[in-house]
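Taken together, the values in this text are just the output of simple stated rules run on the coordinates, not laboratory data. This one's a predicted model, so the numbers in the text were calculated from it and none came from an experiment. Virtual Cβ from ideal backbone geometry, glycine too; neighbours counted across all protein chains shown.
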Amino acid sequence: MLSIIIYAIGFFYVLFGVYAISIYKKGTINRLFLLMTISLAIWSFSYSVALAAHTAEQSIFWRCVTVFGWGIIYSIFLHFVLVLGNSRLLKRRMTLVVIYLPAIINIILYAPFGIFGPKQYKMVQTQFGWVNTFPTTVDSYWLFFYYIAFGVVSIVLLFRWLGKVESNALLKNDVFQFKLSFYLTVVLGIATDILPDILEIKLFPKIAVLILFIPAIALFLTLKKFGLFLEKKKTAPQYLTYGRLMTNDRLILFRIVGYIFIASGVISFLIGFFIMRGPLEIEFLLSLRPVFMGIVTALVPIVIKNQTNQNTMFLLISVAGTLLFSLEYFETGAITIWAIYVIFFLLTVILGNKIHSIIFALVSIVVQIIFFITQPEIVVTVGRTDYVARIAIIVLSYAITQFLMTLQTVRMQKYEKSTKEQSILERISSKFISYSKDDAEEKLNEMFEMSAEILNFDYAYLLEISPDYENTTFVSTYVNSSLDEDSSPYYSEVDAKNAISSICESIITSKQPIVCDDVTGISIREYESARNYFMAKEINSFSALPVFVDERIHGILVVEYRSCNDKHTWENRLSILKILTNVLADARKKLLYEKRLHEFAYFDETTKMANYNMLRKTLESILQNGEESKNIAILNIEIENLKLINDTFGHVVGEQVIIKFASILENLFQDCIIISRTGAKEFIVVLTYCGNKDEVKDRAQEVINTFSSPLLTETGVEALFVIINIGISLYPQDGKDVNVLLESAELAGNEAEHSDSKIAFYTSIIKEHITETTLLTNRLFRSLQNNEFYLEFQPQINLATGKTVGVESLLRLTSEDNKIVDPDRFIPILETTGLIYDVGAWALKQSIMAHQRLVMKGFPPLRFSVNVSAVQFQRFNFVDAISKIIEECQIESQYIELELTESALSENLSEMIEKVSELKKLGVSIAIDDFGKGYSSLHRLEAIPFDRIKIDKSITDNINLGRRTNIVTEMIISLANAFKTYTTVEGVETKNQVDFLKELGCHEAQGYYFSKPLSIDKLEEFLRNEI
């Protein structure tokens, strides 16, 4: 009886190991646990055979085989405990040598062909079986040392690890039970194994392998409960994924049949050898056949993927098994065993292949016909083996028929459930058609309540994941109404998020749903917080599915159950959960798109500030809601030099300047109503004030002062200065309408651009000025066709001779009331509108015609100077246009002088030099106009081949007013002489100025002292008077 018990325990050892390795084949803990159980199984099987052997020689041989169990188990166990505790000793190779060297020594000493081997045994038959009575020798103390040293070290390390685990309150009872099992094992081990040797009681068998079954069970249950069988090195916990949940029923069926074959082989050996006392070799070989068939059957769906081929392979196994069993029991007509056909037929029905069923039926009939012919009548004796076989066949037939009935019932239930699920899912989908931000929580709660009808979860919640995957937020939660609110501990939202953070990280990394069908399977070593969280809530299974929006995980849907759920249950539920996540994704996508449209419509993409639309909407809301009693200021802030920054450093730097500028504005106006970016370089700030205009001016001045310092950006470019102007309109005095207020602020901004303070309040004068400019602009488009432009000519006098040597052509325009319009008013408009090109060409032609008129009337040819706008000069075909006019008018180009301001030459110097050189080739002379008025670059003067410097009137007006000014005039004339060019002084109005200029050696002068600008007729008269 003892041998049968030990043999059965060996079978359980195998089951423990197979379970561990089937969960995760690559896990170190799983592999070591399998090695331990295999060594224990070898110990059990060989020891049970040794106890029940027919002869002493057989018993000695199988006792020697047990060394592969007891001789190595303690080494494997020590290695296992070191891995369990993450010991740093395992990083050293010598550690494994120290651990496994004694095991190797044991095998060398005590194996069947070892040094001591059979010599250490003297077997005596007892009521328990064969017992070794060989006296204790010196080598036995080596075994005692091995047992005690390795056993004590392993237990100490194990208990240290358990001590750390015991700090977890949820696992304290499990640890206590495990320790208790070890205490019991130690007591029983000493009492039954070591003490008999010490007391020289030789007739009691050693049953250590039987006693070790207690801690083996405890260790198995503890590791399973702690989730260590599922541990993966440096990866997320091994939850069941959606793909792995879709397990094929065929795979399960083949495994069941395989396990039945293997079990039948084990039972066959048990009955044949231990009970029926058959020959060891024969019973062993007979039991190997079903074991081999079972292994092959279990491997069929793994090796062969095609279902038809699987069925064919199963048919071959079935036929082979039928023939083998029939041959084995041929002499008895295969009595009882023939009924095994029924089992094969039932299995082929489940597999659903008629052809294979027919083939198997034909083979079975042929076998019976052979029996009919060869053994027409047989008298047999039915023994215990036959009764056991019949019972096994009945049990298997019952199990298979129940499986068929269950399969049919499940199909019916699935159909009914599918109909209900479809109805509820349609209701949920229809609810989310009108999903919006305002009713989002209500819709989510309804979804949870309706889906709970078919999914039956206890808890559910939706987590929202931030774009950087760093933060999670509980969007909606659901608790089954049937649950007691006080049945589980309270978890705050923060604690819950921290607890399940590992699950979220796993989903984000793998982008796959995860399912846990048993929370106790979660590893405690790296995912203890998640495990404790679920166990504290009495959750036994859960699933978490990502919600994808535009290929990014935007949320996670979690459902929790207090009950355990098998893989098949999860398979059905996950299909519904996937649909729910798709519904949530579509709903969330709708909100995101609406949000994006809203942001696009009402917010600036670069600064994230409100844009013009939001500004109008906000102002209209304020004015329409009766807040007219408020005093509101509209500040229009413009960056004047943004285009220059973009052109110089690139738009990337310009964009960073805008972002930094916006950030500073937000800090300056934290108390404002709204700040908006209304254009590429315009910002508008709306704020309230107490009614004192100076308060608004001070706020504007604060902005000016702030931006007087350079901006520091993160582009690597040095600090940049921005030039800004601020136009201000006030509510209600400057308007009570949004359009009027914004327009007024913009008009004030235009005025501020030309003011010294860069700040301007809107006034009616500005409006009038703008109106006049608008009217003038409209008029200028028709002025050239209507002959409203005309020229006046101002003589240029040679100071040495007092005679006229040149004439400057001046463009004039009369207003509708015959008043002269200031050129400073209409020329900028001509430049802005592009009319300057046609008007400039017209002025040159008219100047040439005036020159030719004078020559025809007998006057000596004079040089005519024509002003050229910077806009006009920078046009790409300017030189060609001048050349064409000269050719058309047939004038000698030496009598044409073009006056250019320095601003016209400031951009792209190399291109400007090239243009001037081409003009010089045409014979046209070049004068630098308004010299001294603004910033002058000596480098630019040195590079440009000009012929004349015209000193600006602003310097002439100050002659004789101070020594410093006279020095400036003298230096400019000296500079012109150094460049070997002529000088002409503009705005000469007194004799003292003329005398001073003569002393300095100036060449020419023009001004009211000599003559004001004249019409062509008056110019002729002026020239006649010189003769």
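Highest mean first, what order results for 785-794, 578-587 on Cβ atoms within 10 Å?
578-587, 785-794
Excluding residues fewer than 8 places away in the same chain, name every one of the lysines whose C-alpha is closer than 20 Å to that of residue 91.
Excluding near neighbours in sequence, the set is 26, 232, 233, 234.
Step through the residues of the range 588-605 one at a time and calculate ³J(HN,Hα) from phi using the Karplus curve (6.51 cos²θ - 1.76 cosθ + 1.60, θ = phi - 60°), rounding each to whole Hz and writing x for Gly and Pro.
Karplus values, whole Hz, x for Gly and Pro: 5, 4, 4, 5, 5, 5, 5, 5, 5, 5, 5, 5, 5, 7, 10, 9, 7, 5.
Step through the residues of the range 797-811 one at a time and calculate ³J(HN,Hα) from phi using the Karplus curve (6.51 cos²θ - 1.76 cosθ + 1.60, θ = phi - 60°), rounding each to whole Hz and writing x for Gly and Pro.
With the stated coefficients, the range 797-811 comes to 9, 6, 5, 6, 9, x, 9, 6, 10, x, 9, 9, 7, 10, 7 Hz.
Please give the length that would be gained between residue 370 and residue 605 if that part of the chain were fully extended, namely 0.36 nm times their separation in residues minus their C-alpha to C-alpha distance (nm, one decimal).
75.6 nm
Can you list the lysines whose alpha carbon sits under 16 Å from that of residue 857, skipping same-chain ones fewer than 8 residues off?
The qualifying lysines are 1018.
Quick one: what do you get for the range 603-762 if you divide its Cα Rg by 2.2 N^0.38 Å?
Taking the Cα Rg and dividing by 2.2 N^0.38 Å, one obtains 1.02.
Quick one: if you stick a label point 7 Å off each Cα along the C-beta vector at residue 954 and residue 439, how many nm between them?
In this crude spin-label approximation the distance works out to 6.9 nm.
Go through 874-887, 590-603, 1002-1015 and give me the packing order, highest mean Cβ count within 10 Å leading.
The densest-packed peptide leads the list: 1002-1015, 874-887, 590-603.
What percentages, rounded to whole numbers, describe P(r) for the range 1-65 computed over all alpha carbon pairs with 10 Å bin width beginning at zero?
For the range 1-65, the pair-distance distribution reads 25, 40, 23, 11, 1.
Once you've got the Cα coordinates, tell me which of 915/953; 953/1012; 354/417; 681/933 are over 19 Å apart.
915/953; 354/417; 681/933
With the crude spin-label approximation of a point 7 Å out along Cα→Cβ, what separation in nm comes out for residue 471 versus residue 553?
Label at residue 471, label at residue 553, 1.8 nm between them.
Which ³J(HN,Hα) values in Hz, rounded to whole numbers, follow from the phi angles of the range 880-890 under the Karplus curve 6.51 cos²θ - 1.76 cosθ + 1.60, where θ = phi - 60° and Gly and Pro get x?
4, 5, 5, 4, 5, 5, 4, 5, 5, 7, 6
Taking the Cα of residue 887, stepping 7 Å toward and past its beta carbon, and measuring to each backbone N in the range 903-920: which are under 17 Å?
The answer is 918-920, whose backbone nitrogens lie closer than 17 Å to the label point.
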